[in-house]
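Read-outs: derived from the displayed coordinates by stated rules, not from any lab. Only a predicted model underlies this, so the values are computations on that prediction, with no experimental measurement involved. Note: ideal-geometry Cβ built from the backbone for every residue, glycine included; neighbour counts use all protein chains shown.
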Amino acid sequence: MALLKILHFPDSQLRIKAKQIEHVDAEIKLIIANMLETMYAAPGIGLAATQVDIHQQIIVIDVSDNKNEPLCLINPIILSADGQQSTEEGCLSVPGVFEQVERAEKITVQFLNRFGKQLTITADGMLAVCIQHEIDHLNGKLFVDRLSSLKRQRIRQKIVKQQRNND
Ligand code: K1U
Ligand code: ZN
């Protein structure tokens, strides 16, 4: 397995829309294993393939306390969304920034699991927030796009400055 490099905002690669996966083959299973390792090491509670410069519709998530309930969603589609919640979000592609974001409270999602089986789950709370955040990544959208343009501009300056100091 391998740790993958996580792209940082405002990298233009984060704006690429991920493609649907036709077959869940050995190559996809290796990507999933590497994404899980990268997410746990970060540490994070989710990771979308877009963030590691892989433009295929794969998401990994683990919102459990003991970090022992990994979920993998391939080709996820939100079938229904209800209610509203405001939660503080972070993003491994926007390090050190945490902001309140409004999302649906409850969602029903259809996806393929890592064995290529089609499943449907209904999620609420943090799992629902995380799935919506990761599906945004697959569509080339970041949580900062849901903030005001002034806030986004300030965050961009902060991240670019951090990046310069790290180079
Ligand atoms: O997609 C990502 O960048 C991962 C992101 C997921 C996420 C967090 C919060 C709300 C919505 C989506 C993260 O995991 S940021 C790191 C984080 O939240 C965290 C890290 C360690 C322990 C607990 C949380
Ligand atoms: Zn993110």
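For the chain, the dipole from Cβ point charges (+1 on Lys and Arg, -1 on Asp and Glu) about the Cα centre works out to 620 debye, to the nearest 20. Note on segment 41-65 and segment 134-167: Cα centroid distance 17 Å, given to the nearest whole angstrom.
In plain terms, the chain from Gln162 to Asn66 could stretch by 31.5 nm, reckoned as 0.36 nm per residue minus the Cα-Cα distance. For the chain, the residue among Ala81, Ile16, Pro43 whose Cα projects farthest onto the positive side of the dipole built from Cβ charges is Ile16. Between Ser93, Ile54, Gln153, the Cα set farthest toward the positive side of the dipole of the chain (charges on each charged residue's Cβ, about the Cα centre) is that of Gln153. So which trypsin sites (Lys or Arg not before Pro) in segment 2-83 are both in a DSSP loop and have at most 14 other Cβ atoms within 10 Å of their Cβ? Sites meeting the loop and neighbour criteria: Lys5, Lys17, Lys67. In terms of other Cβ atoms within 10 Å, Asp167, Asp11 run from fewest to most in the order Asp167, Asp11. The calculated 222 nm mean residue ellipticity attributable to helices in the chain amounts to -9500 deg cm²/dmol, summing -39500 (n - 2.57) over DSSP H runs of n ≥ 4 and dividing by all residues. The spread of Cα positions in segment 60-102, taken along each principal axis and listed from longest to shortest, comes to 28, 27, 20 Å. Applying the criteria of a DSSP loop state and at most 15 other Cβ atoms within 10 Å to the chymotrypsin sites (Phe, Trp or Tyr not before Pro) of segment 86-154 yields Phe98, Phe115. Spin-label model, Lys106 to Glu88: label points 7 Å out along the Cα-to-beta-carbon direction sit 2.7 nm apart. Can you pull a Stokes-Einstein diffusion coefficient for the chain at 37 °C (0.692 mPa s), Rh from Kirkwood over Cα pairs, as a whole number of µm²/s? Roughly 202 µm²/s, to the nearest whole number.
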